[in-house]
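Enquirer: Below: one structure in structure tokens.
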Ligand code: FPP
């Protein structure tokens, strides 16, 4: 990547809502799953771009708690795509020193997929390259509800005093507990909403809603957005000195 395309102060953590696969496929007269397969191919290029751009954490929204409402064919196709992606990409991800984590509720996922997810997390557990987090059966509200349940269990067990619960406490129970908050959240496909993604964590994130459909998203576009991020003034509710 040319030096002038590298952001000076880039985002450390980029999170992406990969939207538009269905419309991309439809525009080509193909079934929706064709778009999801094209979308999965984009992940590799974007991951490589993160390394180039100095992005340390990449979090991608692959399947939401609401996506179960899609047709059985699409849901089964996506689950099979996740299994295939993990199986096919494991070697390359590990060789590239990528550390992979999954967030979301695994209870509803099939055992074979969960085993593959666990194995990939373990295999890449000591890698210190780009930290890739894949959200599967993830919903921000569901995550906060599950975290609250665990927190309440600790209170009931006498491990936590309710008066000590503050803004620092809840994040320790979230799926993302070891990750920094996202600096930049990108949503492709022209929709300007966050659809239950990283609700707690993105309180002060910068947002980019772009028209590109996810299967058309490129490393160059990510570089442009990261550069734009570098020019933003993040005040976190304060005023400039
Ligand atoms: C939203 O587009 C996309 C999804 C629900 C699935 C996202 C999955 C991938 C990009 C591929 C798999 C990823 C990995 C990590 C293997 P949409 O179907 O809602 O598009 P539409 O709004 O045009 O219908």
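The values are calculated or read from the model by the stated rules, or taken from the named source; none is laboratory data. Source: prediction; values computed, not measured. Glycine also receives a Cβ, built like all others from the backbone with ideal geometry; neighbour counts cover every protein chain displayed.
Enquirer: Here are 107, 55, 75, 114: which of them is under 23 Å from residue 211 (Cβ atoms), modelled with pLDDT of 95 or more and either assigned to a strand (DSSP E or B) or more than 9 Å from the ligand (Cβ to nearest atom) (or both)?
Expert: 55
Enquirer: So for the range 23-34 (the condition being crowded, with 21+ Cβ neighbours inside 10 Å and within 24 Å of residue 223 (Cβ to Cβ)), does at least one residue qualify?
Expert: yes
Enquirer: List the pairs whose first member sits in the range 15-33 and is in contact (Cβ under 8 Å) with a residue 40 or more places away in the chain and farther than 12 Å from residue 78 by Cβ, whose second member is more than 8 Å from the ligand (Cβ to nearest atom) and in a loop (DSSP other than H, G, I, E, B), and whose Cβ atoms are under 6 Å apart, counting only residues at least 6 apart or on separate chains?
Expert: Taking only residues 6 or more apart or on different chains, the pairs are 15/182; 15/198; 17/197; 19/188; 20/188.
Enquirer: Can you tell me which of (1) over 27 Å from residue 181 (Cα atoms); (2) buried (at least 20 other Cβ atoms within 10 Å of the Cβ) is the one residue 47 doesn't meet?
Expert: With respect to (1) over 27 Å from residue 181 (Cα atoms); (2) buried (at least 20 other Cβ atoms within 10 Å of the Cβ), residue 47 is out only on (1).
Enquirer: Taking only the range 84-104 into account, find how many residues are crowded, with 16+ Cβ neighbours inside 10 Å and in a helix (DSSP H, G or I).
Expert: 6
Enquirer: If you don't mind, another one. Going by what's in this entry, would residue 12 be described as surrounded by 14 or more Cβ atoms within 10 Å (Cβ to Cβ), away from the ligand (no atom under 13 Å from the Cβ), at negative phi and modelled with pLDDT under 95?
Expert: Answer is no for this residue.
Enquirer: Within the range 17-31, restricting attention to residues that are part of a helix (DSSP H, G or I) and near the ligand (Cβ under 6 Å from one of its atoms), which residue is nearest to residue 92 (Cα to Cα)?
Expert: Here the answer is 21.
Enquirer: Taking the options 175, 126, 166, name whichever one is surrounded by 11 or more Cβ atoms within 10 Å (Cβ to Cβ) and in a loop (DSSP other than H, G, I, E, B).
Expert: Of the residues listed, the single one that is surrounded by 11 or more Cβ atoms within 10 Å (Cβ to Cβ) and in a loop (DSSP other than H, G, I, E, B) is 175.
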